[in-house]
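These notes are about the structure you will find just below.
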Amino acid sequence: MTWFGKEWLRYGPWLYATLFGLFCLAFYLPLSSKAINNIFYAGLALPCLGWLLLRPAALIVLVRPFGWLVILLVALVALDAGDAAGLKKALYLLLFCASCLLLQGRRWDVQAIYDLCAWISLGILVFIALDWLWIWLQTGKWVRYGHFLGVPINPVHFSLLISNALIFLWLFRVADLFERRSPLILAVGLLLLGSVILLCATIFQSRSAVAGFILFFFGYLLYRRMFLLGLAVLLLLVALLYALGGDELLLRRGFSYRLDIWLDAGSRLVNQCGVWFGCGIDGYRFLGRFEHPHSGYFAMLYRNGLLGGLLFSLFALLWLHCAWRFRSRWLLLALLGWGSLLTTSNGVLTSPQPLWIYFWLPVFMAVVDSQRGAVREYFQSRYIQRSAQS
C-alpha cells in the first residue's frame, strides 16, 4: 500500500465525518445554495461513490435489504423529473444514504456527528431566543424571526432544523435517563421538550414545526405506551400555549392561503391535467402568485397524480414496516419531517436542501439502523476483499 493510501485510511474517515457535520450545519450558515451543494457533491457524494466502487463485489450484500429503497427512489424520481437532468436527484439521494452507511461502524458515526450538530443547534436556538426577546424589549412587538447572521432566512426550515435537533437530543441523550427514574419524570421531560419546541415554533411562527411535533408526539406515545401521562402532557402544552399567547402568534398569519392553494391545485389536477399522471412541472402559479402547493404531499400528487401518490405511499409503508419492526429511534425522529410535509415543501425529491436534514437523514438512518446485520456483513465483505488484494 502506498503512503497516500495509508494516510487516507488513517485520516480519511475523520475528514469525511467533519464534512458530513459541516453539511448538516451548512443550512444555518450564510452560504449560497451553490456552496452548500458543492459541500455535498465534492465533500460527500464523490468520495462516497469512489468508496462504493472500490469494492463493487461487496455491494451484492446490500441488494436484498436496500433494493426496495433504490428501486422506489429511482421510480419516484423518474416519474417526478421534468427532464433527464432531473434524474440526477435519485443519484444524489442514494449517495446521501450511502454516506450514512459509510460512517456506520466507525467512532464518529452519524449518531455521534449529529449529536454534536444538535448541541450546536440548541446553542443557536438560545442565541435566537435571546435576540428575539431583545427585539421585543426594543420595539414592544413579537416579530417573526427572519434574519440570522445578518442575512434573511426561511423561518420554516430554520424551525424544523432546530426542532429536529431538539428531538434528537431527547431520543438519544435524555429520554432513557428520565425513563429509568420514573414515568412521571419522563412525562415532565416530555413537557419541557414540547415547551421548547413550541417556543421555537412561536419565534419563527412556524405551524409546520407544530404539525411535525404533533405527529412525533403521538408516535412517541405509541412507542412508549404512555397514553394517559402523554395525553396529560398534551393538555398541559395546549394550556401553556394559550396562557402565554403563543396561539395568537402562531395563528397571526391565518392559514397562509394553504386551503385555497390546495383547492386550486386539486381543481387544476382534476379538470385540466389528469388525475392519474398529474400536471408535471408546468410552472403554474397557484392563486396567481404561489409557485408550489406548500405541501410535500400535495406537490407530489399535483405533479405525478395518483400514480405518484401510490408509489410514494408504498415507499412510506415499506419504510414504516422496516423501521418499526426493528424499533429504530430514527423512525421517531423522522416523524417530525413526515408531519411537517403536510404544510411545507415542494415535494421531497430535491437536490440538497434543509429537507435533507430534517426528513431524509432520519428516514435513511432508520433504514440503515434496521439493517445492522446486513451492514456488518457488508463491511466484513469489504475487509475480506481488501485483505485478499493486499
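I'd like the residue in the range 345-360 that is hydroxyl-bearing (S, T, Y) and surrounded by 24 or more Cβ atoms within 10 Å (Cβ to Cβ) and, out of all such residues, is nearest to the chain's Cα centre (by Cα).
Among residues in the range 345-360 that are hydroxyl-bearing (S, T, Y) and surrounded by 24 or more Cβ atoms within 10 Å (Cβ to Cβ), the one nearest to the chain's Cα centre (by Cα) is Y358.
If I filter the range 263-278 down to residues being open to solvent by 40 Å² or more (accessible area, probe 1.4 Å) and in contact (Cβ under 8 Å) with a residue 24 or more places away in the chain, which single residue comes out as nearest to N304 (Cα to Cα)?
Looking at the filtered set, the residue picked out is F277.
Of S381, S313, S387, S328, which residue is among the hydroxyl-bearing types (S, T, Y), over 15 Å from N164 (Cβ atoms) and open to solvent by less than 10 Å² (accessible area, probe 1.4 Å)?
S328
Of all residues in the range 171-203, how many are more than 18 Å from the chain's Cα centre (by Cα) and closer than 22 Å to K141 by Cα?
So the count comes out to 6.
Does any residue in the range 51-71 that is closer than 29 Å to L311 by Cα and hydrophobic (A, V, I, L, M, F, W, C) come within less than 6 Å, Cβ to Cβ, of a residue that is open to solvent by 60 Å² or more (accessible area, probe 1.4 Å) and at pLDDT 90 or above six or more places away or on a different chain, and which pairs are these?
Matching pairs, first to second residue: V61/E377; W68/L318.
Every residue, every condition in (1) at pLDDT below 90; (2) acidic (D, E); (3) within 30 Å of W68 (Cα to Cα), yes or no:
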| residue | (1), (2), (3) |
| --- | --- |
| D260 | yes, yes, no |
| G274 | yes, no, yes |
| R289 | yes, no, no |
| H294 | yes, no, yes |
| Y297 | no, no, yes |
| F312 | no, no, yes |
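On the basis of being small (G, A, S), within 30 Å of E377 (Cβ to Cβ) and touching a residue at least 40 places away in the same chain (Cβ under 8 Å), does G150 make the cut?
It is false that G150 is small (G, A, S), within 30 Å of E377 (Cβ to Cβ) and touching a residue at least 40 places away in the same chain (Cβ under 8 Å).
Scan the range 361-378 for residues that are in contact with a Gly (Cβ under 9 Å, 6 or more places away or on another chain), surrounded by fewer than 22 Cβ atoms within 10 Å (Cβ to Cβ) and not aliphatic (A, V, I, L, M) and report the count.
Qualifying residue count for the region: 1.
Looking at (1) assigned to a helix (DSSP H, G or I); (2) touching a Gly at 6+ places or on another chain (Cβ under 6 Å); (3) of a type in the set (G, A, S), can you tell me which one A265 breaks?
If we test A265 against (1) assigned to a helix (DSSP H, G or I); (2) touching a Gly at 6+ places or on another chain (Cβ under 6 Å); (3) of a type in the set (G, A, S), just (2) comes out false.
Evaluate the following for F158: is it open to solvent by less than 20 Å² (accessible area, probe 1.4 Å), closer than 12 Å to Y28 by Cα, assigned to a helix (DSSP H, G or I) and at pLDDT 95 or above?
yes
If I ask for residues that are at positive phi and crowded, with 21+ Cβ neighbours inside 10 Å, which ones from the range 279-304 would you list?
Selection gives H294 alone.
The values are calculated or read from the model by the stated rules, or taken from the named source; none is laboratory data. Quick caveat, the model's predicted, so the values are computed rather than measured. Reconstructed Cβ throughout: ideal geometry from the backbone, glycine too, with neighbour counts over all protein chains shown. Just the protein is used for accessible areas: all its heavy atoms, side chains included, with ligands, DNA and RNA removed. Shrake-Rupley method; radii C 1.70, N 1.55, O 1.52, S 1.80 Å.
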